[in-house]
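Let me begin by presenting the structure, written as structure tokens, before commenting on it.
The values are calculated or read from the model by the stated rules, or taken from the named source; none is laboratory data. Computed from a predicted model, the values in this text were never measured in an experiment. Cβ coordinates were reconstructed from backbone atoms using ideal geometry, including for glycine residues, and neighbour counts include every protein chain displayed. Heads up: the accessible areas ignore ligands, DNA and RNA and are worked out on the full protein's heavy atoms, side chains in. Shrake-Rupley method; radii C 1.70, N 1.55, O 1.52, S 1.80 Å.
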Amino acid sequence: MDFSFTEEQQMLQESVQKFVQKNYDFEVRKKLLDSEKGYSEQNWALFAELGWLTVPFAEEDGGFGGSAVDLMVMMEAFGKAMLVEPFLPTTVLAGGLISQLGSAEQKAELLPQIMEGSLQLACAFGESGSRYNLASVQTSAKTSGDDTVLNGKKIAVLNGCSADRILVVARTSGEERDRDGISVFIVSAGEGGVSINRYTNVDGQRAAEITLNGVKVSSAKLLGEQGSALTALETAVDRATLAVSAEAVGAMDAMLQKTVEYSKVRKQFGTPIGTFQALQHRMADMFIECQLARSIVLMAAMKLDSGASETEKAKAVSAAKSRIGRAIRKVGQEAVQIHGAVGVTDELDIGHLFKRVTAINVTFGNPDFHTARYSAL
Amino acid sequence: MNADLTDDELAFQDEARAFLQAEFPADLQAKVDANIRLSREDLIRWQKILYKKGWAAPSWPLEYGGTGWSHTKKHIFATEMGSIGAPEPVAFGMKMVAPVLMAYGNEEQKQRFLPDILQSNAWWCQGYSEANAGSDLASLKTTAVRDGDDYIVNGSKTWNTYGQYADWIFCLVRTDNTVKKQEGISFLLIDMKSPGITLKPIVLLDGHPEINEIFFDEVRVPAINLVGEENKGWTYAKVLLTHERANIAGVPRGKRRLKALKKLAADTQDGDGCSLLDNPAFRQKIAEAEIELEALEYAELRTVASLTVGKAPGPESSILKIVGTELAQQIDELFVELAGYNSLPFVPQQFETGFEGEPVGPGNAAASALTYFNNRKATIYGGSNEIQRNIICKAVLGL
Ligand SMILES: Cc1cc2nc3c(=O)[nH]c(=O)nc-3n(C[C@H](O)[C@H](O)[C@H](O)COP(=O)(O)OP(=O)(O)OC[C@H]3O[C@@H](n4cnc5c(N)ncnc54)[C@H](O)[C@@H]3O)c2cc1C
């Protein structure tokens, strides 16, 4: 047993921490949110230069190694400063799908571009009736000859605003919730018949609703074998779920730390509010939640890096996502409450951290979904 | 023992229901149902309709144009209003400053201010909190210094709700620095158009500038705007704080929202071929909220019953505030949970009057997170829930 980080992981952690400290305070982030893209392209180029965009990828694909613990280390540091750059959708989700499903040519074309920072991607799986079930796909893909025609509507597509290409999950055969018959197509954002309703999420991340109206793609745009993409999609989404869970651990630590600090300096009734035992115990509970969240995310990351079965891995991710949901509510709500009125304003980072973790709680399945999945697996 | 209404009360309930059905404007009902924020004008329009009926101020005594209703009738009316989502009168004038004026104002002040409050000709806001005087309100620092027939006010107030709409503000100001802090505070009414007042809007987590910081720079206030005696303001304000807590349980609103939630749940797919209303885990949570609401309703009815037999409102109001706000927040979360991914879009403008863009997400799903974020305020203001628990410890448990 060895719970310490490798030297490489420590360096990765320090490199993110250094970047955040130098370039990413709350005011800077605010400006990014107000900018047209909602993130900094300059930062993105820097991420590429620092090698961060290679972290989710295996060495044979030219990546850093692709371990889940590496990803966890990075995302946790991202979480503390609420980075808005679309790392997750481009590298973890879309990149994860391409590295699993892509042909040698597709990988050779796309993966280097991702890692160099010259390609933005989105992964469009959710639909209005699917909730969190990845097998629930109604967007249709009808093939005739060399062409496939896509029709349907995708919701909550992260980075759908800026993506050059969108990985569209569509049904090539079967009924709405069949596990078979699900395929992934690479669609250019500018393709005829693609319409993108862009918006910002509560946590500042950009997303889109994407309508596909008779979008024609050639067979070269099919990612992987026709009709059997679901397992790879689940694996990619599980990895992304672990990533946002680790991000939540970072964000919750930041909330705890800021709340404790605030309670030491905010005085009412002639004394710091942190001297009131009513608040002390609640901060102790926040601390406990942060520790349990960290522990279960660590468990899931190590499980993903182990030789465990696919079922055990999926179960570990669901355990983590379900449990951190409880921590998110407790830590987020208490952090706001203990700050008093200033906690519900847009002016302080606490409220923004609260919004980010609330969004994470919904993303890739809420606690109920993951508890049910855990017990069914 | 029973919770039955008398024939007279039942007849009143019918009358109130019929009136609301006929007179609550359809466009406002549509806005309420679609989670669109009501504007200043909307609220005033509705208030004036109530005024015409003579029902603008249920809590006021008859002599000032109130209804003279029994506690039970007030309760019935509030229930009927809440169950269709008709907005209560803006509390700052009707429920906060008016009772203080009635109890401590002089005749001239009553005549000058009460009719405009009753008729919704004047919008009031509350100027109590300061950056360093929140829960510990008595430590406030904004000063009022007597200068001939005026007071000169300097300082700043914050977290002020809808000051941008207000014609008047009632303030607690420090008039004596040399005594115990509670004993040097006065209750002053200030015209918002006075030179030297500036507002800085504060945006909340839902993107709406609902509150303000208000700066007073050498603001001249006629001394006739002092309510009651100088340095007695703290006593008056404490009376007001109990009024602030009446009706805080929000039972009718809770019922209305749970009903809406169930309807939405029936129309929302759980991704596995059934509706969320049939999803056992979600169903259980709805039931838990409903049960909590039943307990809260009877806790409130017990207070109404004891007021009816002449008891003064006691620390029970703290229970209603705590449970009412925490249950409302629990319901907020259920809406977010139901909306799932559709809770995430941050497009607050689509819930404002006159939005013409392409809406994001179905129905008002994207309002759910906005409401969740905004309503975290409910456990902070009106005496935070921690302060309410302290009151219970001291006043009830003798700790
Ligand atoms: C949306 C909104 C609208 C508002 N509108 C108005 C308005 O119109 N006019 C106005 O005057 N004010 C208004 N307020 C202010 C409100 O009354 C104050 O926020 C409230 O009194 C708490 O003060 P504070 O925010 O400074 O928090 P603090 O007093 O600093 O409290 C911080 C935390 O410490 C806790 N705490 C404090 N003392 C104790 C204690 N003794 N024991 C245990 N815990 C304690 C609090 O409960 C809170 O959790 C509004 C507030 C909000 C959020």
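What to note about this one:
- The lone criterion from (1) assigned to a loop (DSSP other than H, G, I, E, B); (2) within 14 Å of the ligand (Cβ to nearest atom) left unmet by B:ILE392 is number (1).
Condition check ((1) open to solvent by 30 Å² or more (accessible area, probe 1.4 Å); (2) out of contact with any Gly (no Cβ under 7 Å at 6 or more places or on another chain)) across all residues:
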site	(1), (2)
A:ASP180	yes, no
A:ILE186	no, yes
A:ASP203	no, yes
A:ALA208	no, no
A:LEU212	no, no
A:GLU225	yes, yes
A:ALA229	no, yes
A:ALA232	no, no
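- Scanning the stretch B:118-135 for residues that are out of contact with any Cys (no Cβ under 8 Å at 6 or more places or on another chain), within 16 Å of the ligand (Cβ to nearest atom) and of a type outside the set (Gly, Ala, Ser) returns B:TRP123, B:TRP124, B:CYS125, B:GLN126, B:GLU130, B:ASN132.
- Hey, B:GLY82 at pLDDT below 95, open to solvent by 20 Å² or more (accessible area, probe 1.4 Å) and either hydroxyl-bearing (Ser, Thr, Tyr) or in contact with a Pro (Cβ under 9 Å, 6 or more places away or on another chain) (or both) or not: no
- Being crowded, with 24+ Cβ neighbours inside 10 Å, in the same structural domain as A:TRP44 (by TED's automatic domain parsing) and over 19 Å from B:GLY340 (Cβ atoms) holds for only one residue in A:LEU93, A:LEU97, and it is A:LEU97.
- Condition check for A:SER173: within 17 Å of the chain's Cα centre (by Cα) and part of a loop (DSSP other than H, G, I, E, B): no
- Of the residues in the stretch B:294-311, at least one is at pLDDT 95 or above, outside any loop (DSSP other than H, G, I, E, B), crowded, with 19+ Cβ neighbours inside 10 Å and more than 9 Å from every other protein chain (Cβ to nearest Cβ).
- Count of the stretch A:335-347 residues which are open to solvent by 20 Å² or more (accessible area, probe 1.4 Å) and near the ligand (Cβ under 10 Å from one of its atoms): 3
- Checked across the stretch B:201-209, the condition of being away from the ligand (no atom under 14 Å from the Cβ) and outside the structural domain of B:THR79 (by TED's automatic domain parsing) holds for no residue.
- Residue within the stretch A:261-279 that is open to solvent by 30 Å² or more (accessible area, probe 1.4 Å), more than 11 Å from the ligand (Cβ to nearest atom) and in the same structural domain as A:VAL317 (by TED's automatic domain parsing) present: yes
- Of all residues in the stretch A:348-355, one or more are within 14 Å of chain B (Cβ to nearest Cβ), surrounded by fewer than 20 Cβ atoms within 10 Å (Cβ to Cβ) and within 13 Å of the ligand (Cβ to nearest atom).
- Test: residue in the stretch A:144-156 that is closer than 30 Å to A:GLN13 by Cα and in a strand (DSSP E or B): yes
- Tabulated pairs, the stretch B:371-399, first within 23 Å of A:ASP346 (Cβ to Cβ), second part of a loop (DSSP other than H, G, I, E, B) and open to solvent by less than 40 Å² (accessible area, probe 1.4 Å), C-beta under 7 angstrom, 6+ apart or interchain: B:PHE373/B:LEU205; B:PHE373/B:ASP206; B:ASN374/B:LEU205; B:ASN374/B:ASP206
- Test: residue in the stretch A:192-211 that is within 16 Å of the ligand (Cβ to nearest atom) and at positive phi: no
- Going through (1) open to solvent by 10 Å² or more (accessible area, probe 1.4 Å); (2) within 14 Å of B:VAL100 (Cβ to Cβ); (3) modelled with pLDDT of 95 or more one by one, B:GLU230 falls short only on (2).
- Residue within the stretch B:153-175 that is in contact with a Leu (Cβ under 7 Å, 6 or more places away or on another chain), within 14 Å of the ligand (Cβ to nearest atom) and β-branched (Val, Ile, Thr) present: yes
- Scoring B:ILE214 on the criteria (1) open to solvent by less than 40 Å² (accessible area, probe 1.4 Å); (2) within 12 Å of chain A (Cβ to nearest Cβ); (3) within 20 Å of B:TRP123 (Cα to Cα) leaves a single failure, condition (2).
- Of all residues making up the stretch A:112-139, the number that are open to solvent by less than 30 Å² (accessible area, probe 1.4 Å) and at pLDDT below 95: 1
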